[in-house]
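Notes follow the structure.
Throughout, read-outs are computed from the coordinates displayed, never taken from laboratory work. Everything numeric here is computed off the predicted structure, so don't read it as measured data. With ideal geometry, Cβ positions are generated from the backbone for all residues, glycine too; neighbour counts draw on all protein chains shown.
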Amino acid sequence: MSILDQEPRTTPRNGDRTSLGSARRLSPPLRDGLFAVAALVIALVAILPGRDGAGTSISLMQLVGSMAAMIVAAVGLNLLMGYAKLVSLGQGGFYAIGAYASAWFILDAGWHPLLAIAGALALCGAVGAVVAVASMQLRGPQFSVITLVLAILVERILNEAAPFGRLAGYPNHAQHGTTGLPSIQIFGITLEPPMIANTVATVMVPVVVLTALVVIISRNIARSPWGSSLSAIGESEMLAAHLGVHVFRRKVSVFVLASVLGGLGGVFTTLTFAHLQPETFDIFLTITIVLAVVFGGSGTVLGPVVGAVGIVWLEQSDVLAEVSQLQQDHVSDSWYLSTPGLVGVLFILTLFLMPKGIVGTLSAAVTGRRRHAQAGEDDGAGLGETAGLDADSDAVPDAEPHAETVAAGQEDTVGKHLLEMTGLGKKFGGLQAVADMDLSVDRGQIHAVIGPNGAGKSTLANLLTGVYRPSAGTVVFEGRDITGLAPHAVARAGIGRTFQTPQLFGDATVLENVLAGFVDTGRTPLWAAALKPPSRYRRDAEMRAEAERLMRLVGLEQFAGLRAGELPYGKQRALEIARALAGEPELIVLDEPAAGLLATETAGLGDLLISLRAHGYALIVVEHHMDLVARIADEVTCMDQGRLLSRGTPDQVLSDEAVVAAYLGKPMEEHR
Amino acid sequence: MDALVLGLVLGGLYALLAQSFVLTFITTKTLNFAVGEFVALGAFVVLAVASWSWLPDIGKVVVGLLVAGLIGALAYRFLVLPFMTEGEHDVRWLLSTVALSFVMLNLITNVEGPSPQRSETARLGGSVDVLGAGVSKQQLLIAVLAVVVTVLLVVASKKTPAGLVMRAVSQDPETTSLMGVSPRLVGMVTYAVAMGIAGLTGTLYAATVGASPVMGAPLLVASIAVAVVGGLSSLWGPLLGGALYGVLSEFASYEFGAIWGETAGLLLVIAVLVWRPQGLLGRRTEVKL
């Protein structure tokens, strides 16, 4: 199939290769196990002071309950905002829905508590799904606006709808004869809220255990291919689609997940306080959740946890009130800030001083130091490398006559090419960017597409990979009609690509970039990402070994731990190719791979492409660099003004007068 | 009929404020979520200078507009600009303007107290009969002003050098900066104009409901909705969005009760965004690889 399952002789080296900065690390299952145990222990220690139900511990237990609620809501928002970079201002709305719906289902509808909680979470998920479907075409401010609209709608309904008691709260004396929800009973155990002295607040046990589980599961998700797909979406949706991610579905899923976790925060509030006041679910709440994520560190596993604990503590302790009093004493008794204003100032300061949040800043400092130390060790190894792509013949396993066997297999299906474009055309408004193009390529073949600027080469590449939908014509790949499929479907069909300007995850390491290229990014189901079954560990190890092999193939092995953004340009191109290879494509479309490369790098690129051909890949290379084209291409297509100008072997095409004229202009006499 | 006229008038108020969102969005691709507080700021500044008897009302209104505009420009320079440096997905400015809104709201509340104060500046008493519906003159003034401001902005953007610069920055800030125009300066001026409009809205609106710290909050929600419905990239958008939103919400609250008024308006936003994410009059930009 590909080179993926070859090269046995380097596998033994994987053992010491994985030692890239991880020699002192524990094995992944052990590390995950320790994290889970630590999370549960911390959760249980937090409620230890309430074990005897002493009246003095009530306020502490309520504080822990508020923190737990904020943690799960913030963890949910972090998946959305920290990874997929969708800044939702609606998390407070889901929190409110979760709180009110669970209370209403228990009291008014009389449901079994478990059913009521499940129902409340399902309602949050359903509302989230509707909002997600409605807002998924939006990005940036418009997305934030629509989620804000949701939060405001929910707030208005809670404030003004009679069944929820309006400002009297829920439940209230007038409607229910009580101001507290009855203690709920599950499996014969009564779960008491932290309200009454000398009654053990048993409800705190499931609250903190669930919180710990949510943190563990969110960590699993964030570190799974599912999580990388969110980061990919955050970086560029087009890129994510080319990695085989169904962007729309994935965005809806993560939004629903975040909504359910927001709702769970509300459920915790209901369980802890047994009474709800509409004014606690205002815009300030939704912003506080966002602040918790940003303050702790968005896009980190522990950030939202730290942020939520910090913010809730700040708001409930006397610190802010004291600061406010200080200002009144020393500055002015009218020009001062109280809690909401101080939270605003804290927010602004966080953005200025700690844009990565507490956890993000700390971990950047730690990894920075570790990398620094590592760079020192790696110095010797690094020097031997030329600063470009080099398809070191040692790294590339000698080509078995793979291509030929494949080609021989192809003989049976006469006239059927791996890829066959027929009559392909694309109009942008009145502009015919590509017209009536035919093109075919087979396994073990390099087809170069050349042409002057504006000839429609990149448009052709984009038509092929699903970025644009063709206005006319068909594309058939492996005998299957893929005309007009979305990019993720094209990628899954087995067509990889690289971009004119490398599209990488600049903040992620080289290794992580390659890992994002595997089909798992698009295909791992959410449950598998969340629960992390043993098969996941095996697959992770496999992917890692394979990624290391691919990095060696393109000459990146000693850069595995480096941030992709720090790579020299030529290496970024190599990384993009390695990532495309990780997706196990049959055909790779390279859009101007030599643009911006040094001469030595271009030569290395040529070697690499030739070796890929030898392994049976089909390559379509859009390129300007004629030396490279002449050296590697089996067939060359020259386009001009969206149409086929010339086709043939490199020699034929490059000596074609029409091609020369298209590049250099026609001789003067012909203009007359 | 009543609902139609009252809805249009109400829509005028929202449209006027929505114009400040559209202005900042066109040039800087940012929105100021503290607009509601600039509304209150304008109202309170005018209230503070109300006792200057030497200054005619129009002068007091201009003072409110200028102060709001100046603080708006500073807000852009120090709270928006530093937080929009990392490309189009960088929406930290959204968080910083929300934070600014908290700070301003809190400060105004602590200084002026939470209850509404009567404002007599630039106040037209009485009402007129429009197609059988009684409309207060003040509200009509605001609605007419919304149309006037929109026409002025459209003419200015088409006919004046400043308008040309504004449109250039909106299309391609980098290239524009190569032409010797500072996108930062353009952004500050736009924010000044936009927040000036918000302050003006506040002054005129305070004359009907009184000046209070939270007076801007309901306007913020409605005017963001209006701006999004009309299209954030279109100067004509607010008038169309305002008309639709105003009439729909007035009609719904007339028929089904007050709570449904706003709900209907917000559902309109969702419907429009699903159907045309760029808004009714907005332009869609294609992603290029």
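Details
- Distance between segment A:249-285 and segment A:536-589 - C-alpha centres, whole angstrom: 40 Å
- Seen from a random direction on average, the alpha-carbon convex hull of segment B:1-104 projects onto 8.7 square nanometres.
- Nearest-ten-degree value, helix A:339-353 long axis tilted from longest Cα axis of chain A: 30 degrees
- Of all stretches in chain B that contain no GluC sites (Glu not before Pro) in a DSSP loop with at most 13 other Cβ atoms within 10 Å, the longest one is B:121-285.
- Three-way shape call for segment A:38-113 based on the alpha-carbon gyration tensor, with the a/c threshold at 1.5: oblate
- The C-alpha atoms of chain A define a longest principal axis, and helix A:319-330 lies at about 80 degrees to it.
- The amide H of A:V434, built 1.01 Å from its N in the peptide plane, has A:K426 as neighbours under 5 Å, considering only residues 5 or more places off or on other chains.
- Most mobile of B:V269, B:V128, B:V193 in a GNM of chain B (Cα contacts under 10 Å): B:V128
- Considering only alpha-carbon pairs that sit under 8 angstrom and 6 or more positions apart, the relative contact order computed for chain B is 37 percent.
- Neighbour net charge for B:Y191 - beta-carbon separation under 15 angstrom, K R +1, D E -1: +2
- Separation of segment B:225-289 and segment B:152-187, taken as the distance between their Cα centroids, equals 27 angstrom.
- Couplings for segment A:50-65, taken from phi via the Karplus curve 6.51 cos²θ - 1.76 cosθ + 1.60 with θ = phi - 60°, read x, 5, 9, x, 4, x, 5, 8, 4, 5, 5, 5, 5, 4, 4, x Hz in order; Gly and Pro are left as x.
- For segment A:262-348, the mean projected area of the C-alpha convex hull, equal to one quarter of the hull surface, is 6.7 nm².
- Pairwise FRET efficiency - A:T367 versus A:A38, Cβ, R0 = 25 Å, nearest 0.05: 0.80
- Under Stokes-Einstein, with the Kirkwood radius over Cα pairs as Rh, the value for segment B:139-187 at 20 °C and 1.002 mPa s is 180 µm²/s.
- Förster-model FRET efficiency, 22 Å R0, B:D172 and B:D90, C-beta, rounded to 0.05: 0.80
- Shape category assigned to the protein assembly as shown from the gyration tensor of Cα positions, a/c cut at 1.5: oblate
- Cross-link pairs beyond the 23 Å C-alpha cut-off, checked among A:K85/A:K356; A:K251/A:K532; B:K60/B:K158; B:K60/B:K137; A:K426/A:K571; B:K29/B:K158: B:K60/B:K158; A:K426/A:K571
- Amide H contacts of A:G496 (H built 1.01 Å from N, in plane; Pro and chain starts excluded): A:E586, A:L587, A:I588, A:V589 sit under 5 Å, all sequence-distant by 5 or more or on other chains.
- The radius of gyration of the Cα set in segment B:107-200, together with its Dmax, comes out at 19.2, 56 angstrom.
- Here the Kirkwood formula, the inverse mean of 1/r across different C-alpha pairs, assigns segment A:71-208 a hydrodynamic radius of 16.7 Å.
- Across segment A:255-264, rounded Karplus estimates of 3J(HN,Hα) from the backbone phi angles (6.51 cos²θ - 1.76 cosθ + 1.60, θ = phi - 60°) give 5, 5, 4, 4, 5, 5, 5, x, x, 4 Hz, Gly and Pro being marked x.
- For A:G648, distant residues with modelled amide H under 5 Å away: A:V636
- Segment B:188-256: C-alpha gyration tensor shape, a/c 1.5 cut-off, then a/b vs b/c: oblate
- Mean partner shielding of peptide A:337-350, defined as the number of other chain Cβ atoms within 10 Å of each residue Cβ, is 5.
- Whole-Hz Karplus values for segment A:523-537 come out as 10, 4, x, 4, 4, 5, 5, 6, 8, 6, x, x, 4, 5, 4 Hz, taken residue by residue from phi with 6.51 cos²θ - 1.76 cosθ + 1.60 and θ = phi - 60°; glycine and proline positions read x.
- Against the main long axis of the alpha-carbon atoms of chain A, helix A:569-582 sits at an angle near 80°.
- Estimated from helical segments only, the mean residue ellipticity of the protein assembly as shown at 222 nm is -19500 deg cm²/dmol, where each DSSP H run of four or more residues counts as -39500 (n - 2.57).
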